[in-house]
Amino acid sequence: MTAHEREAASTDGGRSTEEERAAEEERAAEEERAVDQALALVGHQPRAGHRPPEGPGATRSKPPPSSPVSPPSAVSPPSPSSAASASAGPESRPDSGLTPSSPARSAQTPGAAMPSAPAPSSPAPVVSPLAAPAPAADSASSRSHGGSSADRPASSPHAHRTGSTAWHAARALAESLGRAAPLAAHRLPLDRALGHVLAEAVVALTDLPSFDTSAMDGWAVAGPGPWTVKEGEGLLAGRGSTEPLPDGQASRIATGARLPADATAVIRSEHAHCDEAKRLLYAGREVVQGQDIRPRGQECRSGDELLPAGTVVTPPVLGLAAAAGYDALVAVPRPRVDVFVLGDELLTSGLPYDGLIRDALGPMLAPWLRALGAEVAEPRRLGDEAGALRQALVSSDADLILTTGGTAAGPVDHVHPVLAEIGADLLVDGVAVRPGHPMLLARLAEGGPCLVGLPGNPLAAVSGLLTLAEPLLRGIAGRPAQDRYRAPVPQEVHGHPHDTRLIPVVHREDSVVPLHYNGPAMLRGIAAADGLAVVPPGGVRSGTEVEILDLPWASASPWTEGCFT
């Protein structure tokens, strides 16, 4: 490389760093605006704590009719603070700019940037060195069948969407909305607390261990050796003499047994020799005072905080709580979710025929939501009946309602009109993300539950689930947000010209590889994936690090190891 080239590369590197910093600051400001909007929509009531448990069966109660959210007379579009970046064109949207490592947008056209997905006949799931962009059709229709509504005239009664919320802002708003509601709490016995979130910190009720114990099978000794062996069966866990051990004596001891007073060390069985005839014990190596003894309070002292509120109850958490003397834990109830599957064209069994297709979302969403810590009722299939949808919404007592399909502007897309009819507050009406653009977030009137409207295309629905439902559920349950992390992609990845793009990926050593079959209606790629890459508008060059969304069932990976060491 010539001096001129090195100088140019250095200049480009500095410029890239500055642009990356500016983009990160803009994104943070955008998320802050979304948080402010969410808090404003729920009456500026950030979560300050939790309500005390009201008994073993206490659950989250609904806000009273005087809830600070005033039900509007019609569905309202997103406020300027959440949609200002998307209401005009790409020039006015903060997340529409190219990243420093993105291909030049001036050389792209929507058609050129969006090649078709791999042919279904290809073997798969196949790792793609060059992930092809998903078709743009999901922005026009929320259904996985039927014609596109992209050319529908603006005079359509459904054409009320004023602009899409930026992807990061939509996620921040959803989580803030969940965290703004007061936390309920109930007391659960240990055998029922798994998977819940602690509403109160776990504080040590005793020292651990609560007395000096032997860490090994062997001999408890006092003073220097050799030692006279004390007669008797020795000291066993849970029973044995508590008499002091005189200086110069030794006593058999088992792991976990209480150490006698005045004992100075434990000698492992394999490191000692006992002369039975003389009843003398000899050490095979140097004996250090305190060796192989677990002193009282080694792990914690009474009153120490063992686990903070917000911790997810895992099997080791249950073990620690039991060791610390707990019989029950104060935890947040799992958020309750209703799933309403829309569409007359959906089959629940057998092969597709005569324009009918299998319902892929009903079987997928309930277990996915349970993996996110929710309590999910059996999905209800409502077809394309507006009256059935209205009745289901107004009668639900869930914390969150998910609908599938019907969020666009087709002749049987009833979600928007029904929300307007029942006076719901529409908080997000479209998100600048592909797939999944026609998703929505609303809050039903009179203190009702939140609603996330998922597009009908399967991968688009997954996008809506991770964009709006997952952060909302996390907020309701009081779960901490996962630390964001980034991983490099080995090859260039095409992006949407103006919107964020979510692409199924699989981890390979220290990078992530995009997968084929990532179109809005496809599940073949996500079925083989362990995460989704968040690709900024315009795409990224090879070697660029992108944000990764882990899937709930992703196996432990190298970057998660050692977090407790």
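Worth a mention:
- Of the residues making up region 231-260, those that are open to solvent by less than 50 Å² (accessible area, probe 1.4 Å), among the aliphatic types (A, V, I, L, M) and in a loop (DSSP other than H, G, I, E, B) are L245, A254, A257, L259.
- The set of residues from region 502-521 being of a type outside the set (S, T, Y) and closer than 19 Å to G456 by Cβ comprises L502, P504, N518, G519, P520, A521.
- G284 free of Cβ contacts under 8 Å to residues at least 24 places away in the same chain and in contact with a helix residue (DSSP H, G or I) (Cβ under 7 Å, 6 or more places away or on another chain): yes
- Residue within region 441-454 that is under 20 Å from the mean Cα position of the chain (by Cα) and open to solvent by 10 Å² or more (accessible area, probe 1.4 Å) present: yes
Residue by residue, here is whether (1) farther than 14 Å from L459 by Cα; (2) modelled with pLDDT of 90 or more holds:
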{"position": "L523", "(1), (2)": "no, no"}
{"position": "S542", "(1), (2)": "yes, yes"}
{"position": "E547", "(1), (2)": "yes, yes"}
{"position": "P552", "(1), (2)": "yes, no"}
{"position": "S555", "(1), (2)": "yes, no"}
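- G373 vs. criteria out of contact with any helix residue (DSSP H, G or I) (no Cβ under 8 Å at 6 or more places or on another chain) and not charged (D, E, K, R): no
- R239 being closer than 27 Å to V332 by Cα and either modelled with pLDDT under 90 or among the charged types (D, E, K, R) (or both): no
- Qualifying residue in region 288-302 (condition: assigned to a strand (DSSP E or B), in contact (Cβ under 8 Å) with a residue 60 or more places away in the chain, closer than 30 Å to K230 by Cα and of a type outside the set (S, T, Y)): yes
Results for (1) modelled with pLDDT of 90 or more; (2) under 28 Å from P471 (Cα atoms); (3) surrounded by fewer than 20 Cβ atoms within 10 Å (Cβ to Cβ), shown as yes or no for each residue.
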position: G310; (1), (2), (3): no, yes, yes
position: A322; (1), (2), (3): yes, no, yes
position: G325; (1), (2), (3): yes, no, yes
position: L329; (1), (2), (3): yes, yes, no
position: G343; (1), (2), (3): no, yes, no
position: G350; (1), (2), (3): no, no, yes
position: Y353; (1), (2), (3): no, no, yes
position: R381; (1), (2), (3): no, yes, yes
position: A392; (1), (2), (3): yes, yes, yes
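- For T228, the stated conditions do not hold, so it cannot be described as open to solvent by 20 Å² or more (accessible area, probe 1.4 Å) and closer than 16 Å to R296 by Cα.
The values are calculated or read from the model by the stated rules, or taken from the named source; none is laboratory data. What you see is a predicted model; the values in this text were computed from it and never measured. Cβ sites come from the backbone with ideal geometry, for glycine too, and all protein chains shown count toward neighbours. With ligands, DNA and RNA removed, areas are computed over all heavy atoms of the protein, side chains included. Shrake-Rupley method; radii C 1.70, N 1.55, O 1.52, S 1.80 Å.
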